[in-house]
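The values are calculated or read from the model by the stated rules, or taken from the named source; none is laboratory data. The model shown is predicted, which means the values in this text are computed figures rather than measured ones. Please note: Cβ atoms are built from the backbone with ideal geometry, for glycine as well, and neighbour counts cover all protein chains shown. Ligands, DNA and RNA are excluded from the accessible area calculation, which covers all protein heavy atoms including side chains. Shrake-Rupley method; radii C 1.70, N 1.55, O 1.52, S 1.80 Å.
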Amino acid sequence: MVATALDFAGFEALAVETGTDALAAVESWRPDLVLLDVMLPDLDGFGVCSSLRRRGHDVPVIFLTARDADEDKVAGLEGGGDDYLTKPFGLHELVARIKAVLRRVAPSEPCRVLRCADLTVDLDAHVVSRAGREISLSTTEFRLLEYLLRHAGRAVYKFRILEDVWGPEYAGDVGVVETYISYLRKKVDAGEPRLIKTVRGVGYSLREG
């Protein structure tokens with residue numbers, strides 16, 4: 001229910017069932033934020049958060065729990081959590097808390113040069129280069145590549161790409177995403193390493209390795 005509500009609110013949400021699965025998902029999906037239930041079937045949420053911090057992950061964490069004692073809240077915040085929301089809670093409050101935490105951890109200035117391996121996109125100069133070679137892209141190709149780079153390391157759904165790059169008013173088929181991905185592969189991903197990956201059943205991911 002929470003994941004569905006977050007998708008509806010414009011986030012990309014991945015739900016897992018155990019603490020072990022959460023640790024693996026952070027490694028592979030590289031989320032912007034983690035919602036972490038304290039009562040999990042294997043590791044508890046506090047242990048998962050501590051493990052993330054030991055592994056060097058500074059991803060913000062919001063704890064969700066029915067335990068509302070002050071000592072539990074202190075344990076969560078001192079253990080590396082960024083916020084603590086007790087059940088029952090309203091979904092509007094949850095979304096507001098998520099946005100507030102993301103604002104706190106956001107860089108003060110947006111990144112104007114995006115990179116992955118030897119691929120560089122200068123947003124101000126509108127220049128794309130790969131291994132020092134400048135590449136000419138159409139406006140739509142540039143927007144699509146920028147989007148993939150801003151979500152580098154994460155799998156992004158085709159329908160989300162369509163909505164965010166082409167706009168919610170676009171009336172065409174999602175197949176246009178596949179078409180433009182093929183254009184990008186020919187122009188910026190013909191050599192090694194190949195950066196644009198197909199994630200079967202989901203969409204695409206731009207990452208090295």
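Computed quantities for the displayed model
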item	result
Helix-only CD estimate at 222 nm, as mean residue ellipticity for the chain, using -39500 (n - 2.57) per DSSP H run (n ≥ 4)	-11500 deg cm²/dmol
Between region 134-209 and region 8-27, the Cα center-to-center distance that results, in Å	22
GNM top mover of Gly19, Gly153, Gly132 - the chain, alpha-carbon springs below 10 Å	Gly132
Magnitude of the charge dipole, the chain, Cβ model with Lys/Arg +1 and Asp/Glu -1, debye to 20	720
Rounded, prolate or oblate (a/c below 1.5 giving rounded, otherwise prolate when a/b exceeds b/c) for region 167-208 by Cα gyration tensor	prolate
Percent of alpha-carbon pairs separated by more than 21 Å within region 116-192	25
If the convex hull is drawn through the Cα atoms of the chain, its volume per residue in Å³	144
Area accessible to solvent at Glu178, 1.4 Å probe radius, in Å²	90
Mean Cβ count within 10 Å, highest first, over the residues of peptides 94-100, 146-152	146-152, 94-100
Table column - 3J(HN,Hα) (Hz), region 46-59, Karplus curve with 6.51, -1.76, 1.60, x for Gly and Pro	4, x, 5, 4, 4, 5, 4, 5, 5, 7, x, 7, 9, 4
Relative contact order of the chain, defined on C-alpha pairs under 8 angstrom at six or more residues apart (%)	14
Count, lysine Cα pairs under 29 Å in the chain, 8 or more residues apart or across chains	9
Stokes-Einstein D (µm²/s) once Rh is taken as the Kirkwood radius of region 98-158 over alpha-carbon pairs, at 25 °C in 0.890 mPa s	188
Accessible surface of the chain, 1.4 Å probe, proportion on carbon and sulfur as whole %	52
Integer Hz, Karplus 6.51/-1.76/1.60 couplings in order for region 147-159, x for Gly and Pro	4, 4, 5, 5, 10, 4, x, 10, 7, 10, 6, 4, 5
